[in-house]
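Structure first, commentary second.
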Amino acid sequence: RWAIAYKFQAERALTRLRFVSFEVGRTGVITPVANLEPVLLSGTIVKRASLHNADIIQSLDIHQDDMLYVEKGGEIIPKITGVDTDSRRPDATPVEFVDRCPSCGSPLTRLEGEAAWVCPNKYGCSPQIIGRLEHFVGRRMMNIDGIGEEISADLFASGLVKDIADLYSLTYEQLTTLERLGHKSALNILHSIDESRKVPFERVIYALSIPYVGETIAKKIARSVRDIDRLMSMPAGELASIENVGPRIADSIVEFFAEPVNRSIVERLRQAGVTMSASEDTAGTQTDLLNGKTFVISGVFTRHSRDQYKELIELNGGKNTGSISKKTDFVLAGENMGPAKLEKAAKLGVPIIDEDTFLRMIGQE
Ligand SMILES: [Zn+2]
């Protein structure tokens with residue numbers, strides 16, 4: 001509309017590339033990382049920046065010892081945006097992507113149409129196993145407190161935990177043999193592991209690290225399939241008909257459960273008492289009373305937690321969004337709703353409802 005928006009240019013710094021390291025993630029994807037001479041950028045010292053994948057290294061044409069432009073922009077993780085080719089040494093050689101896994105030495109594979117190189121040694125490559133362990137214990141998965149990146153690596157290195165199911169047979173004596181763990185932390189971990197048996201089925205599905213199955217997909221699967229045995233025996237065609245699950249995710253699930261290692265992990269988790277089916281409660285409350293309605297939640301509630309309200313909205317066919325817009329149907333407001341949100345809702349004429357009104361809407365007094 002003939003208006004002009006001014007933005008600050010992202011801060012940019014020039015620094016020398018020390019070397020490129022190749023890191024193996026939980027799913028086996030290899031990420032190249034530029035290790036840099038430390039440089040000050042937007043108030044923090046930057047030493048590392050992701051190069052994302054092989055295509056980016058190639059398109060930037062990065063050479064050994066190059067001077068690189070680093071930007072922070074709106075993101076937290078800095079990125080390399082360019083190369084100062086004028087300062088390049090004449091004898092510098094281009095940075096080459098590895099063709100073997102830097103951890104286990106397996107030849108890397110690349111899926112058709114994807115930029116990422118992957119180490120196919122899923123069950124023998126330590127950073128992948130440790131990565132899955134770290135994912136499994138995460139707050140939004142099994143929520144096992146006290147096991148972070150370092151303890152995950154220690155548990156694996158000590159041989160105490162070779163896969164996620166081993167967590168459930170850990171003892172106090174075993175845990176306290178780890179250098180980093182004292183009496184209190186060990187007890188805390190054991191307590192958290194015990195509590196994790198109650199974590200709902202949808203989060204267990206997410207925690208398993210099935211490729212392409214994220215938090216939302218795991219929820220949809222749990223609600224529609226409801227039971228691990230059914231999930232493990234479901235043909236791809238049937239899985240693909242679940243909302244948000246396309247053929248690619250369906251194939252990935254079938255492939256995952258075709259692997260004897262994974263079936264045995266599921267079996268051991270079940271024996272350990274981990275939840276392997278959806279509870280009757282969630283089935284009972286599922287309705288389409290809020291069909292297509294969009295909600296924004298704000299403030300502090302007394303009758304349920306914020307996460308439970310989000311859950312209730314989804315279970316009854318509604319949608320959650322983060323910010324108020326013309327498309328918002330209701331703001332579900334608790335105590336201490338932010339004044340900016342209040343003002344915005346009023347300005348756009350979005351109705352603000354309290355928790356009692358909301359619970360009446362879904363037929364729960
Ligand atoms: Zn590997």
Candidates 80, 62, 57, 45 - the one that is aliphatic (A, V, I, L, M) and in contact with a helix residue (DSSP H, G or I) (Cβ under 7 Å, 6 or more places away or on another chain) = 80
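What number of residues within the stretch 329-352 satisfy the criterion of being surrounded by 14 or more Cβ atoms within 10 Å (Cβ to Cβ) and part of a loop (DSSP other than H, G, I, E, B)?
Total meeting the criteria: 4.
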Would you point out the residue of the stretch 103-139, among those that are out of contact with any strand residue (DSSP E or B) (no Cβ under 7 Å at 6 or more places or on another chain) and among the basic types (Lys, Arg), that is nearest to the ligand (Cβ to nearest atom)?
-> 122
Starting from the stretch 136-151, take each residue that is more than 14 Å from residue 208 (Cα to Cα) and list its partners that are exposed (fewer than 15 other Cβ atoms within 10 Å of the Cβ), counting only C-beta distances under 7 angstrom and pairs at least six apart or across chains.
-> 150/180; 151/180
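Looking only at the stretch 117-152, count how many residues are crowded, with 17+ Cβ neighbours inside 10 Å and either more than 19 Å from residue 198 (Cα to Cα) or at pLDDT 95 or above (or both).
The number of residues fulfilling the criteria is 22.
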Condition broken by residue 100, with the remaining ones in (1) assigned by TED's automatic domain parsing to the domain that holds residue 13; (2) within 16 Å of the ligand (Cβ to nearest atom); (3) surrounded by 16 or more Cβ atoms within 10 Å (Cβ to Cβ); (4) modelled with pLDDT of 95 or more satisfied = (3)
The one condition residue 31 fails out of (1) more than 16 Å from the ligand (Cβ to nearest atom); (2) in a strand (DSSP E or B); (3) surrounded by 14 or more Cβ atoms within 10 Å (Cβ to Cβ) is (1)
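Taking residue 60 as the residue in question, decide whether it is more than 16 Å from the ligand (Cβ to nearest atom), free of Cβ contacts under 8 Å to residues at least 24 places away in the same chain and surrounded by 14 or more Cβ atoms within 10 Å (Cβ to Cβ).
The answer is yes for residue 60.
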Does the stretch 204-223 contain any residue that is touching a Gly at 6+ places or on another chain (Cβ under 8 Å) and part of a helix (DSSP H, G or I)?
-> yes
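The values are calculated or read from the model by the stated rules, or taken from the named source; none is laboratory data. As the structure is a computational prediction, the values presented were derived from the model and not from experiment. Heads up, the Cβs are rebuilt from the backbone with ideal geometry, glycines too, and the neighbour counts pull from every protein chain shown.
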